[in-house]
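Asks: The structure is given below, and queries will be raised subsequently.
Only the coordinates and a few stated rules stand behind these numbers; no lab work does. This structure is a prediction, so every number in the text was calculated from the model and none was measured. Cβ placement follows ideal geometry from the backbone for every residue including glycine, while neighbour counts extend to all protein chains displayed.
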Amino acid sequence: MKTGAGPQAISRPPSPGNEGRTILGWTLLAGLLVFGAMCAPFFLGRVYTADDLGEFHLPLRDFYSRQLAAGQPWDWMPSLFCGFYLTGEGQLGGYHPLHLLLYRTLPLGAAFNLELLLNYPFIAVGTYLFLRQLGVRRDGAAFGSLVFTFSSFNLLHFVHPNAIAVVAHIPWLLWAVDILCRSPDRQPRDRQRVHLAACGIALLTGSQLLLGYPQYVWFSLLSELGYAALRLRKKRAWMRPAAGLLAATVVGGLIGAVQVLPTVDALANSTRNTVRHEFRTSGSLHPLNLVQPFAPYLLATRVAGQNTHELGMYLGCVPLVLCYGLWLNRAHWGRSARVIWPTILLGSLALLYALGEYGPLYQLQAAIPFVQSFRFPCRAIVLVELAVAVLSAIAFVQLAGKTAPWSQSLWLPAVISVSLAGFAPMVFHPFVSSIPLIAVGPMFILLATWLVSHVARGSKSARVLLVLLAAGDLAAYGLSYSVLPRTENLNTFAASAHHPQLPTKGRVAVNTGSTDSLVRYGNRLALAGYSLTDGYAGLEPAQSTDGSRADWLDRACTEWKRSDNGDWLPLGKPRPKARLESRFGEADITRNNPGSIEIATRSQQADWLTLSESFQRGWTARIDGKVVAVMPTQAGFLQCPIPPGEHVVEFQFEPASLRYGGLLTSCGLGLTMSWAALALRLSKKL
């Protein structure tokens, strides 16, 4: 298959020859050096623990790994929130084939590190293929791939592995969408390419959904639909590719159903079921952050706000100068304008979306079910940076072939950067960084401008230095914040979760303040074997009683409580986890597996059996094999009626959302395999 074939492909510059191959090699080397720096802790036997990696993701994956090793389900995690629907929460991605393979076959530390790191080669290859499909020359495609793979978004969000994993699919999906929308279907070979592209879209969409971060799947869908609309806008026979894209997306939705339905189920029982306007717009990109491309280290937190990894949008000094030069050179775009203008449009719309409450677009999603529960509109920055990578790739190629337009008037970004570095500290004095750090931004932009000007004059060595500067600049910005600051030996990190004031491994309460608090204590204690009455999650289950109340903590069998100053306070001997409410009988737990609990009861009269495990739709109870109703107690725990005598009661977590989701996923995979088999049969007619 010849990439970039078709009537709408942009015209390619002549073959770059030896110089292009040299640049391609240097770009690959630069990417490998940055990726090698990311992998260094892995090779040193350490795990990445910064922010959510250690406080949220690692404890969940520790439980997941142990359940896989024991051959038991992982859908219900009893050690957080007195038990919660882990699969429904989503960010484990437990049914994704890659996660199943990694955590079933490798030790926890190796599996966790590889889950984080494998996303980046996947991004790089997908972006390269997409740019080649657009008609960008190999050296430019490699440079654009470098820019997007190590963009500020992708490196700062290293602490959100599921988010990066979903984002890694976007270039691949756009590549497949381009094939689907561009290829004619008159010949068997063309029809085969179209059908295989549709199957690829289905599998990639299903893979995204199985990773369990639906907000980024939403961004991906917006980019796919926007790109397809632009591709098909002047095509007469647009209905067939549009129908193919819709069908592929629906089949992909079926493939991801084993994750989607549990997430919808968990959302209905979470604190996000009803969200206020303030929640939806939290994390809007304040317009002051638009100075970041010119002054990346101006502010102490790098951003106008406190959440650096969410609000960071540094584009890199080289892409900034290249995009500005491309704009100055717009009279010479030629057929490349067919790609450049749509890219500018989609990138601009993504930026308006990221502004959230400060822009005109984000409010529209408040009327869309499920999507309306998303917050942090600033996360749409990822689409802005993808657009910048595409424009940078085109500019990188055009820079080598045109001289006069590129050698003039390139200094405006540097002038803006120097001006901000000189005057902004006087205006924002309490919030700025040190003077040497502030100066880094202008220095890099000045150097990038100087190199671009020399490349425009024909300097080959300056083009190599431009690649190295682009890689080093983005790596320094991203790796210094999210990737490398905190890495630890796994055993040391797990041992640090043992608190000297907690002599037992019972149930503890860590978040005893207001349930409306946005700051939550992490889940690291779960690594040490403790069970938490609360915890930290994206979809926190809605508890019927405030966890700070002493009577609720008693019913939750809580042994220790964390005070406001961080000390641990003993709460006395707790109630048994399983008990008869009348207290005229006995209840003994004989099996206590996650989501599967067996209790032997003895009672002289009809009674109520209470189990201090959080109620969630999907729990069933059987008394001597006979199904009985499970109801929530006033405190939100499990309860069922017990007849007199001796009985065996089995509580099982068997949610319908998981059962039906699994059936739909099987159907989706079957449809995709049949579709692919049909496409491959077309090869016999060639």
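Asks: If the chain between Leu663 and Leu328 were fully stretched, how many nm would it gain, using 0.36 nm times the residue separation less the Cα-Cα distance? Intermediate values should be presented prior to the final figure.
Replies: Values: separation 335, 0.36 × 335 = 120.60 nm, distance 5.50 nm.
Length gained between Leu663 and Leu328: 115.1 nm.
Asks: Also, I was wondering about something else. For the Cα atoms of the chain, what angle does the longest principal axis make with the long axis of helix 188-210, in degrees from 0 to 90, nearest 10?
Replies: It works out to around 40 degrees.
Asks: Explain nothing, just the number: relative contact order of the range 327-435, from Cα pairs under 8 Å at least 6 residues apart, as a whole percent. Could you put the intermediate results ahead of the total?
Replies: Working: 59 pairs, mean separation 27.6, N = 109.
RCO, the range 327-435: 25 percent.
Asks: What's the FRET efficiency of Ala677 with Ala69 using the Cβ-Cβ distance as r and R₀ = 25 Å, to the nearest 0.05?
Replies: Details: r = 35 Å, r/R0 = 1.42.
Using R0 = 25 Å, I get an efficiency of 0.10.
Asks: Please determine, in degrees from 0 to 90 and to the nearest 10, the orientation of helix 108-117 with respect to the longest principal axis defined by the Cα atoms of the chain, where the helix direction is its Cα long axis.
Replies: Rounded to the nearest ten degrees, it is 30.
Asks: Which residues does the label zone of His429 cover in the range 285-307, counting backbone N under 18 Å from a point 7 Å along Cα→Cβ?
Replies: Correct set: 299-300.
Asks: Let me check I've understood the local charge: for Leu204, count other residues with C-beta under 14 angstrom from its C-beta, Lys and Arg +1, Asp and Glu -1. What total comes out? Mind dumping the intermediate values first?
Replies: Values: positive: none; negative: Asp178, Glu224.
Combined, the nearby Lys, Arg, Asp and Glu give -2.
Asks: Still on this model: With angles folded into 0 to 90 degrees, how steeply does helix 317-328 sit against the dominant principal axis of the chain? Use alpha carbons for both and round to 10.
Replies: Helix 317-328 sits roughly 50 degrees off the main axis of the chain.
Asks: Starting from the Kirkwood radius over alpha-carbon pairs of the chain, derive D by Stokes-Einstein at 20 °C in a medium of 1.002 mPa s and give it in µm² s⁻¹.
Replies: Details: Rh = 27.3 Å.
So the translational diffusion coefficient is about 79 µm²/s.
Asks: Label points 7 Å out from Cα along the Cβ direction at Arg617 and Leu29: separation in nm?
Replies: 6.0 nm
Asks: According to the Kirkwood expression over distinct Cα-Cα pairs, how big is the hydrodynamic radius of the range 328-472, in Å? Mind dumping the intermediate values first?
Replies: Numbers: mean 1/r = 0.0556 Å⁻¹.
Computed over Cα pairs of the range 328-472, the Kirkwood hydrodynamic radius comes out at 18.0 Å.
Asks: If you bin the C-alpha pair distances of the range 99-241 every 5 Å from 0, what whole percents do you get?
Replies: 2, 10, 16, 20, 19, 15, 9, 5, 3, 1, 0
Asks: May I ask you to derive the relative contact order of the chain, considering only C-alpha pairs under 8 Å and at least 6 residues apart, and to give it as an integer percent?
Replies: Numbers: 1222 pairs, mean separation 127.7, N = 686.
Computed value for the chain: 19 percent relative contact order.
Asks: Over the residues of the range 62-141, compute the C-alpha Rg and express it relative to 2.2 N^0.38 Å.
Replies: Values: Rg = 17.6 Å, N = 80, 2.2 N^0.38 = 11.6 Å.
Compactness ratio reported: 1.51.
Asks: Once label points are set 7 Å from the Cα along Cα→Cβ at both Thr301 and Asn491, what is their separation, rounded to one decimal in nm?
Replies: So the label points at Thr301 and Asn491 sit 3.9 nm apart.
Asks: Under a Cβ-Cβ cut-off of 14 Å, what is the net charge of the residues other than Ser65 that fall near it, where Lys and Arg count +1 and Asp and Glu count -1? Let's see the in-between values first.
Replies: Values: positive: Arg61, Arg66, Arg104; negative: Asp62, Glu115.
Here the count lands on +1.
Asks: Can you list the residues, at least 5 places off or on another chain, whose amide H is less than 5 Å from the amide H of Asn593, using H built in the peptide plane?
Replies: Glu598
Asks: Then there is this: Report the gain in length on full extension from Ser459 to Val627: 0.36 nm times residue separation, minus Cα-Cα distance, nm rounded to one decimal.
Replies: Numbers: separation 168, 0.36 × 168 = 60.48 nm, distance 7.92 nm.
Difference between extended and current length: 52.6 nm.
Asks: Go ahead and estimate [θ] at 222 nm for the chain from helices alone: -39,500 (n - 2.57) per DSSP H run with n ≥ 4, summed, over the residue count, rounded to 500. Write out the running numbers ahead of the final one.
Replies: Values: 25 runs with 342 residues, N = 686.
About -16000 deg cm²/dmol.
Asks: Tell me, in nm to one decimal, what length is gained between Gln372 and Phe584 on full extension, where the rule is 0.36 nm per residue of separation less the Cα-Cα distance? Walk me through the intermediate numbers first.
Replies: On the way: separation 212, 0.36 × 212 = 76.32 nm, distance 4.94 nm.
Result: 71.4 nm gained on full extension.
Asks: Return a whole-number percent for the relative contact order of the range 141-249, with Cα pairs under 8 Å and 6 or more residues apart as the contact set. Could you put the intermediate results ahead of the total?
Replies: On the way: 84 pairs, mean separation 34.9, N = 109.
Result for the range 141-249 is 32 percent.
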